[in-house]
Structure formats: structure tokens, C-alpha cells
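Some notes on the structure that comes next.
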Amino acid sequence: MSWHHKHLLDIESLSADEITTVLDTAKAFKAVGTRAIKKVPALRGKTVVNLFVEPSTRTRISFELAEQRLSADIINFSAEASSFKKGETLKDTARNLEALNADMIVMRHSASGAAHFLARFLHASVINAGDGAHEHPTQALLDTFTVREKKGKVAGLNVTILGDILYSRVARSNIWALTKLGANVTLCGPSTLVPKVFEQMGCRVTHDVEEAIRDADIINLLRIQHERQRKTMFPSIGEYTSFFGLTKARMARTKPDALIMHPGPINRGVEIDSEIADCSRSVILDQVTNGLAVRMAVLFLLNGGKAQEIAG
Ligand code: CP
């Protein structure tokens, strides 16, 4: 059991032991989710603010349900209906939320480093729910949890992350988590979106999709992040699908037990064939289910909880 952090800002600064502690704690919370009464009092009396300044479906709803299951008081902050519209700064907004005794702030923001920025001056715990193209730590934790649950281990597995790596916070957080736990990570996609510099993070870079998927135990597909790309990084969507999409023909050339992952939202027919997204080897919805247990674990540990306190 190893966890001493006040904030969860990234995976880069976590040790393998700390990642494993989150996964073990999430496993206990997943078991709690099978009981008739799924709510526990771990965060009773605590106030959690969900400060989503960029759109989200899975992460926002998953955090809110996790907070409900832990009995927290919850404030959902809507940027569209807030005084951001009148020019209030992020710093002033966050300090006003803390003045209302917020104990934890879960934030998604389009700017890389936004969560680290808040953590510099807030007393509340800050949880990064995705900051620009930097990191999305709880996504990597739920992805790693899903890999470990389905394959029984992470170390030694061949994991291919295929798609828009350059603009992907999911890719960066997954690379940190998977390499720290001993997986062999391969990145693949167009050279404009998968530069060789990523090899400095301890993974392999290839632009040959057939080679990238052939020996993979896990294929994690990423969507094209149009909202973060400054200009077109490849000639057309059709060309992207033809060169890098997981089509039925390519799926037939993967290992028979290779699992398909995707953080969502999916662009069906672009990075993934629609039937593959729904096939028996796709664990995309298992990832969503596991996100709840992982986010309960993160909130619980940041509040000082110990995994052994979760009654089995
Ligand atoms: N995977 C993910 O972060 O999805 P949302 O953007 O819907 O939260």
C-alpha cells in the first residue's frame, strides 16, 4: 500500500507501486459495486466540485457517480453558465470555489498545465480530468485496470497505441502508466502525428500499421483530435482510414486474443470499423464501467483512505 499524494495531476510523477495501489483499491471498489447497497460513507461531509471547462461525457459522469457512491456533496460547475463568460479568471473562479469550502476540485481544461496551475495555490486537492494535450491520468488508470483485469497482468504485454498520439493526453498518460508497469508500448500512426521523439518516453515508434498490430496483445485506438490540430496533419479522413484505421481486414491479421480498446468518443468508420467497436474482443464499454471504480479509488485515496478500510 503506497499513496502519499494530495493531488492527482499526472501519471508521470507516480511510481509503479502507487499506480498498483490505485488499481488494487479500484478492484475493491468494483466489488462494492456488485452489492445491493453500492454507497459507502467515505467522503461524507466533503465537498467535491466538478469544474469542466471543456466538454466531456464519460469522465464527467463517471466522476459524478463516483462522488455520489462515496457520499460526497457535489457541485457541478458549468463553464457556459458561469462568470467565465464575464471574464473571470480561472484562478479567481477556483479561489471562489475554495471559499465555499470545496475539499476537492476535479478539473478538465483545454490548457496543458491547468491542473498543476490550480494545485500551486489551492489548499483543496486537485484532480486532473484532462488538461489539453498533456495528461488524462484517470483514463490511463482505468485503461491499465482493464488490461490487468482482462489479461491478468500488465508486465510483458505488447500494447499498441494507434492514432493521433501527438495531440493525445490519453496517449501520454497511458505511455507513462504502461511502461512503469513493464508493458512493451508501440506507438503507430502518420509520421506527422507520431514523431520519433516519443521514443524518449520508453516506447517504440513505427509508421507501419501491419507491423504494429501483428504481435499486439492490446490495440488501443485513438481518435483524430480535430479540436487540437492547428492544421490538417494528413490528406483526408478517407486516407487516414485506409492507411491506419482498424478495418476488418486488418483485424483478421491480429492475434486471436488481442483486445481492442478506445477511450471514446469513437469516430466509427474512421479509426475503427463500426462492427469491430461492438465485437466480443472490444472492451470499450468495460473501460467505461471500470472508470467508475478507478475514480472512486482516486477520490478515496486522496482523502486519506486506506484500501484495507474498504469492507470486502
Ligand atoms: N475518454 C474521455 O475522456 O471521454 P470524455 O471526453 O467523454 O470524458
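The values are calculated or read from the model by the stated rules, or taken from the named source; none is laboratory data. As the structure is a computational prediction, the values presented were derived from the model and not from experiment. Here the Cβ is made from the backbone with ideal geometry for all residues, glycine too, and neighbour counts use every protein chain on show. Note: areas computed on protein heavy atoms with side chains; ligands, DNA, RNA excluded. Shrake-Rupley method; radii C 1.70, N 1.55, O 1.52, S 1.80 Å.
Where in the chain is the longest stretch that carries no GluC sites (Glu not before Pro) classed as loop by DSSP and with at most 16 other Cβ atoms within 10 Å?
It works out to 89-226.
Solvent-accessible area of W176, probe 1.4 Å, all protein chains present, reported in Å² to the nearest ten, please.
Answer for W176: close to 60 Å² accessible.
Given a cut-off of 25 Å, name the pairs among K150/K255; K30/K150; K38/K306; K150/K196 whose C-alpha atoms lie farther apart than that in the structure shown.
The answer is K150/K196.
Using the Cα gyration tensor of segment 3-132, with a ≥ b ≥ c the square roots of its eigenvalues, what is the shape: rounded (a/c below 1.5), prolate (a/b larger than b/c) or oblate (neither)?
Verdict is prolate for segment 3-132.
Rounded to the nearest 0.05, what FRET efficiency do E12 and K91 give with R0 = 22 Å and r taken as the Cβ-Cβ distance? Could you check?
Efficiency at R0 = 22 Å is approximately 0.40.
With r as the distance between the Cβ atoms of V197 and A252 and R0 = 30 Å, compute the FRET efficiency 1/(1 + (r/R0)^6) and round to 0.05.
Once rounded, the FRET efficiency stands at 0.35.
Using only DSSP helix segments of four residues or longer, with each worth -39500 (n - 2.57), what per-residue ellipticity at 222 nm results for the chain after dividing by its residue count and rounding to 500?
-11000 deg cm²/dmol
Taking the simple approach of a point 7 Å from Cα along Cα-to-Cβ for both H123 and S242, what is their distance in nm?
Inter-label distance under the simple model: 6.1 nm.
Charges at C-beta only: +1 for Lys and Arg, -1 for Asp and Glu. How large is the resulting dipole of the chain about its Cα centre, in Debye rounded to 20?
Here the chain has a charge dipole of around 420 debye.
Over the chain, what relative contact order in percent results from Cα pairs under 8 Å that are six or more residues apart?
It rounds to 21 percent for the chain.
Give me the percent of the accessible area of segment 7-145 that comes from carbon and sulfur atoms, probe 1.4 Å, all protein chains in place.
51 percent
Using DSSP to define loop residues, name the trypsin sites (Lys or Arg not before Pro) in segment 26-117 whose beta-carbon has at most 12 other beta-carbon atoms within 10 Å.
Loop-located and lightly packed - R35, K39, R44.
Over the chain, give the accessible area per residue in Å² for a 1.4 Å probe, as an integer.
Here the per-residue accessible area is 42 Å².
For segment 148-223, which trypsin sites (Lys or Arg not before Pro) are both in a DSSP coil and crowded by at most 14 other Cβ atoms within 10 Å?
For trypsin sites (Lys or Arg not before Pro) across segment 148-223 that sit outside H, G, I, E and B with at most 14 neighbouring Cβ atoms in 10 Å, the list reads K153.
Rounding to the nearest 10 and keeping the result within 0 to 90°, find how far the Cα-based axis of helix 284-302 lies from the longest principal axis of the chain.
Result, in degrees: 40.
Run the accessible area of segment 200-292 with a 1.4 Å probe and give the carbon-and-sulfur part as a rounded percent.
Accessible surface attributable to carbon and sulfur in segment 200-292 totals 54 percent.
For helix 90-99, report the angle its Cα long axis makes with the longest principal axis of the Cα atoms of the chain; keep it between 0 and 90° and round to the nearest 10°.
That works out to roughly 40 degrees.
For K91, which lysines qualify as cross-link partners when the Cα separation must be under 20 Å and same-chain residues fewer than eight apart are set aside?
Straight-distance partners of K91: K6.
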